[in-house]
Amino acid sequence: MNAPTATASPPPLTRIAPDNWKLAILVGVLVSLVAVLAAPAAVSFWIVGAMAALIAAAFAINAYRRKYYGGLLVAPAIAVLFVMNIFPLLWSLGLSFFAYQSNQQSIRFVGLANYVKVLTSELTATANWLALINTAIFVIFTVAAQMIVGFLLAMLFAKQFPLRKYLLILVLTPMMLSVVASGVFFTYYYDPTFGILSYVVNSLTGEQFVLMSTKLGAVTGIVFADAWMWSPFVMLLVLAGLVSVPKYLYEAAAIDRVSKWRQFWTITFPYIRGLLMLALLFRTIEAFKLADLVILLTKGGNDTMTISYHLIRIANEQNKTSEGAAISYIMLFMVIVLTNLYLYLANRRSQGA
Amino acid sequence: MTVMTKMKGFAAAAGLAATLLTGAASYAVADEVTLTMAVPDWPPTRIMKKFFDEQYKPKSGNTVKLDVDFIPWPDFYTRVNASLTSGEQKYNFIVSDSQWLGAFVEGGYYRKINDLLDADPEFKKTLMNIHPNPLNAYSTYPYKSENYYGFPQFPDVLVNYARKDIICNEEEQKNFQAKYGKKLPCTGEELDAMTWDDFKNVGEFFRRKKGEMLAGAPAEDDFYGIAFQAGKGYDFSSMQINGFIWQMGGNIWDETQAPTGQAEGVVNSPEAVAALEKYLSMLEYMPPVAKTGTMDIFKSDELFREGKVAMNIDWIGLGEASLDPKSSKVSDKLVFGQMPGTMGPDGKIIRWSNIGGQPFVLTTWTTDAQIKEAVEFVKWWLSDDIQHQFAAGGGQSAVKSVYEDPKYVTYRPWNRAWAPQLDWQKDVWHVPQFFELLTQQQDQFDLAITGKQDAKTTLDNIAKFQQEVLKSGGLIQ
Amino acid sequence: MSGKVSILEALGFRKASGVGEAGWGRTLAAAIISFIYFLPVLFIIFTAIKPQDVALSVPPTLSPTSLFGLIPDQFVFTPTLENFGSVFERSMTVGGAPEPTGFDRYFFNSIVIASSSVLLALVIGTLAAFGFSRYPLKGNDTYLFIILTTRMLPAIVVIIPVILMFRAVGLSGSYTGIILLYTAFNLAFTIWMMKSFFDELSLDVEDAARIDGSSDVRVFFKIALPQVIAGLAATFVFGLILTWNEFLFALLLSGPDTRTVPVAMNQAVSSGGRGTDWTLLAAIETLFLIPVFLVTFFLQNHLLRGVTFGTVKR
């Protein structure tokens, strides 16, 4: 790794140079101030935007000339994320300490009261806890199913064989469907009167079959639909790792008569470990957000309410914004703990290896 | 801000230049007023827009444009709610379920129109020409007060959809008579006279397995006698259960009695429990999807259109699809009646039911110039001529002079059941806590529908929750 | 590969890198599994070419052809292309004349918004990933984790401030707004994904190039980037799929002119005063599938060619 070394000292404030970021800030702020005070909002917005771009450019050129590559490369991403994602997240974090309903005008600071309420209130906490437990169930089963099925599919497609690309695209298609369409069609597949599943079971057993009438059935139905849609995601990631294993390693291993099992762990696995981790991380995060399929398939009935759907009802339908924010930050805390656990275990493994 | 909005599309530069050039001049000439409207995307709103574009001539001489944002039904509330609560101030008119009135009036989004009514006697006359039950439901907050907010867009009630070919079949008629000692209803009038007990009998009688005889031929698939809404989503069981409760002498929490009216003891009164039990007792005769808690108004309608059910209680708003041979296997076999009722002690049928449909409302940020045009537009919309055209094109009208016109019943087969039912419509809570009350109640009803808890426990839980929520909201003392 | 591509090669008979090669036996196994996996999609596609009146028939109609009598008649339907026409033009009032539904516009919007935001995220994200991988900052992992947290919360939590912000700067209903938002939406995944690809590369080649006098920019473009084409392709495909089907932001931040297909699709879920219009929904979804399907198919070659000259790290 090359440590970035400063090759030139920064220019003094007064010199007009493209890398003089201090001057750029000064000019930018002054011009923006004048623009905001004097020009109408529509015009001043663009002027302020141009000034921000000017400052950013000065920063960028400065960083480039002095080889602060890390910051330079990362800066645009951080900027976009900050405006579009992190700022709104902080905003709702702030709101979680207030009593605020988005359809009412009053707002008042209440400290941790919202957190206490969503975790302990006699009236509403039970629903929150139940939803959390259900979410845990869904996370475990959907992620496990996706990892296993996705991995097996990737192994199936890892070797080159005739017609491979035409068969592979068939397996990739489910995740290209929009959740609305696939969810609505799964309600059809599971429908006891019109549905294919009931028709098949009915033809075989002669009994009427209603999958979604028990918790077991409803959870199975949702997990199946979700795993079917997103296993290809895991598969594609693992596959991208598998095909990047240099062939000569296997050839060398074959000469040394290393067993297939050992080949997998010593040659293949290091290449897919990072991507498996990535798949696990992103699928876990998405599983915590599982809501659309539940809404379409059960509306949370048969005890399948997830925390994310619960949150939609609280924050959107009932407009209890700050209560919703509190729930979502509790949820965020859990996801952070879990993902950190993953990362910790992964790092420990890789250091041990 | 406006500049930015115009930047979209291809003609950005040209549009911008044109705006700059003509912007100053347009102040001097006749005004152009744009009314922006958020509506669910379905025929009754599409036809409103069509009539407007084809027929509306503003009296003021201004150029009035109706800019309609058609939003698909399933996401309508989410979109409107986010727009209102974020302060986007985008829409002047909003089609709103009547129950949303409380939440959005208290938030300061819906505009009270009493001053407009007082200033314009003709406008007031137009509004007072609406049947009082729908008017109260669609316009007043608090419910049944003198504070007006909305105008009917598509008024709606529950009716009984039935299959002539099945229920009028001679064989079935004979067997039904033999089994229950009563005539199986066949005509619209006979359907009107049905009680819930008769309805239940129909359910029990027409439960046929695949291959069993049905109306003179072997049934091609399992067949069911009856269906009504029993779904967990939105209000897809409350709207039916409320009718049962009112008809059998119980009540829901009555907002017009606030703050002295209670939830505890009212919501879970013995009458209400008996009513819920009666509702639940019919589910076993319905298609199996009822067991999953997802038999909403659309599912039962679909089952009916696919010919799996003899009778279905559903909104008129879903009726057009059943008349269309492309989407309905029973389009030529239909007969409609009023929703069944409960026999009163005097031998007359009690028909209380929960009103459906939607009003549209004005928003508070609408400017005076827009309001002037908006009032003219509403007067035009509620005028007899347009309401007749609307009804003829698949809408409903709650305007007295329109639905009392003999022509009205000829527009659609269910219109016969329309006027008599208007007298029996009530509405569910208009209070700001509406969604909180509704979701908890729907969850509880779902537990009862899917057989996880009995009627008494269900209503006890609902009463307890409502008591606490309404107490902390200051609506119960 | 060199010279002409023969038909056999195009069909997948070429010798490619990878774990190894298997024969027709593997093809057969993969074909059976893939076909079963694909069935629910196939059913949707078939529903798109069904006449409306058999969409819900019992027993379900499964195939447009009897396959020379292999499939019993009761499962066979007569295919029609009518539903695809209805996507773009149909009567929106009762008994009214067919009118444009605006779906041509929605498809255009979806293509513009998804492709530009994914490409933008790919450019910004790949640069950032390279930065995180080769020039670690102080607290590198913390930055990375904060970036990841932006994906952890349901969209509904952040939507209100975003609406407010968009309104304040005049971005609501514009392409720019939704494209920027989707770019951010894709960044977390792009960065993590590309970083893991960069991390797997050997540094020896890059260092050697530097010693030979290549600039850092040249190292990035000529040495690092070509080695992660598989990663770029995979990231592009994933980003495209997620953005293509994103619903909530699109619902709340697009105007009538910038509405995307997933939002408009719900017209068919609750269509004109009834429940699901199955054939219409299937037709919309089938058409909507085609662009991502094609992109994925054509990027597959890159995806599977993989990295052939990378050497093992450590």
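The values are calculated or read from the model by the stated rules, or taken from the named source; none is laboratory data. Source: prediction; values computed, not measured. Here the Cβ positions follow ideal geometry from the backbone for every residue, glycine too, while neighbour counts run over all protein chains shown.
Condition (residue is surrounded by fewer than 24 Cβ atoms within 10 Å (Cβ to Cβ), in a loop (DSSP other than H, G, I, E, B), more than 9 Å from chain C (Cβ to nearest Cβ) and among the hydroxyl-bearing types (Ser, Thr, Tyr)) applied to the range A:257-267: is it met by at least one residue?
Scanning the range A:257-267 turns up at least one residue that is surrounded by fewer than 24 Cβ atoms within 10 Å (Cβ to Cβ), in a loop (DSSP other than H, G, I, E, B), more than 9 Å from chain C (Cβ to nearest Cβ) and among the hydroxyl-bearing types (Ser, Thr, Tyr).
Can you pull out the helices (runs of 4 or more DSSP H) entirely within the range C:199-265 that have at least 3 residues that are more than 10 Å from chain A (Cβ to nearest Cβ)?
Output list reads C:203-211, C:229-244, C:248-253.
Each row is one residue, and each column tells you yes or no for (1) in contact with a strand residue (DSSP E or B) (Cβ under 7 Å, 6 or more places away or on another chain); (2) assigned by TED's automatic domain parsing to the domain that holds A:Val219; (3) not small (Gly, Ala, Ser).
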residue	(1), (2), (3)
A:Phe109	yes, no, yes
A:Leu123	no, yes, yes
A:Leu132	no, yes, yes
A:Ile140	no, yes, yes
A:Gln146	no, yes, yes
A:Gly150	no, yes, no
A:Ala154	no, yes, no
A:Leu163	no, yes, yes
A:Leu172	no, yes, yes
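Taking the condition surrounded by 17 or more Cβ atoms within 10 Å (Cβ to Cβ), within 14 Å of another protein chain (Cβ to nearest Cβ) and more than 19 Å from B:Trp315 (Cβ to Cβ), does B:Phe104 pass?
Taking the combined requirement at face value, the residue satisfies it.
Report yes if some residue within the range A:299-308 is more than 7 Å from every other protein chain (Cβ to nearest Cβ), in contact (Cβ under 8 Å) with a residue 60 or more places away in the chain, in a helix (DSSP H, G or I) and of a type outside the set (Ser, Thr, Tyr); otherwise report no.
Within the range A:299-308, one or more residues are more than 7 Å from every other protein chain (Cβ to nearest Cβ), in contact (Cβ under 8 Å) with a residue 60 or more places away in the chain, in a helix (DSSP H, G or I) and of a type outside the set (Ser, Thr, Tyr).
Taking the range B:241-251, which residues are farther than 16 Å from B:Leu447 by Cα and in contact with a strand residue (DSSP E or B) (Cβ under 9 Å, 6 or more places away or on another chain)?
Those that are farther than 16 Å from B:Leu447 by Cα and in contact with a strand residue (DSSP E or B) (Cβ under 9 Å, 6 or more places away or on another chain): B:Asn242, B:Gly243, B:Phe244, B:Trp246, B:Gln247, B:Met248, B:Gly249.
Scan the range A:225-243 and tell me whether some residue there is hydroxyl-bearing (Ser, Thr, Tyr) and free of Cβ contacts under 8 Å to residues at least 40 places away in the same chain.
No, the range A:225-243 contains no residue that is hydroxyl-bearing (Ser, Thr, Tyr) and free of Cβ contacts under 8 Å to residues at least 40 places away in the same chain.
Only one residue in A:Ile314, A:Ile327, A:Ile285, A:Ile295 is surrounded by fewer than 24 Cβ atoms within 10 Å (Cβ to Cβ) and over 16 Å from the mean Cα position of the chain (by Cα). Which one?
A:Ile295
Go through the range A:93-118 and count every residue that is in a helix (DSSP H, G or I) and either in contact with a Gly (Cβ under 8 Å, 6 or more places away or on another chain) or among the β-branched types (Val, Ile, Thr) (or both).
2
Determine, yes or no, whether B:Ser401 is in contact with an Asp or Glu (Cβ under 6 Å, 6 or more places away or on another chain), away from chain C (no Cβ under 14 Å) and outside any strand (DSSP E or B).
Yes; evaluated as a whole, the condition is true for this residue.
Do we have any residue at all in the range A:93-115 that's within 14 Å of chain C (Cβ to nearest Cβ), among the hydroxyl-bearing types (Ser, Thr, Tyr), under 22 Å from C:Ile146 (Cα atoms) and in contact (Cβ under 8 Å) with a residue 40 or more places away in the chain?
yes
Is it fair to say C:Thr142 is more than 26 Å from B:Ala82 (Cβ to Cβ), in the same structural domain as C:Leu289 (by TED's automatic domain parsing), out of contact with any Cys (no Cβ under 7 Å at 6 or more places or on another chain) and surrounded by fewer than 21 Cβ atoms within 10 Å (Cβ to Cβ)?
yes
Looking at the range A:163-177 only, could you name the residues that are over 25 Å from the mean Cα position of the chain (by Cα) and either surrounded by fewer than 20 Cβ atoms within 10 Å (Cβ to Cβ) or at pLDDT 95 or above (or both)?
A:Leu163, A:Lys165, A:Tyr166
Matching residues to (1) over 28 Å from the mean Cα position of the chain (by Cα); (2) of a type in the set (Phe, Trp, Tyr); (3) at pLDDT 95 or above:
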| residue | (1), (2), (3) |
| --- | --- |
| B:Lys200 | no, no, yes |
| B:Met213 | yes, no, no |
| B:Tyr224 | no, yes, yes |
| B:Gln240 | no, no, yes |
| B:Ser269 | no, no, yes |
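If C:Tyr175 satisfies every condition in (1) closer than 30 Å to B:Asn81 by Cα; (2) away from chain B (no Cβ under 11 Å); (3) surrounded by fewer than 21 Cβ atoms within 10 Å (Cβ to Cβ) but one, which is the exception?
Tallying (1) closer than 30 Å to B:Asn81 by Cα; (2) away from chain B (no Cβ under 11 Å); (3) surrounded by fewer than 21 Cβ atoms within 10 Å (Cβ to Cβ), C:Tyr175 fails exactly one: (2).
Conditions first: (1) in the same structural domain as B:Phe236 (by TED's automatic domain parsing); (2) under 29 Å from B:Arg412 (Cα atoms); (3) touching a strand residue (DSSP E or B) at 6+ places or on another chain (Cβ under 7 Å). B:Phe298 passes all but one, so which condition is the exception?
(3)
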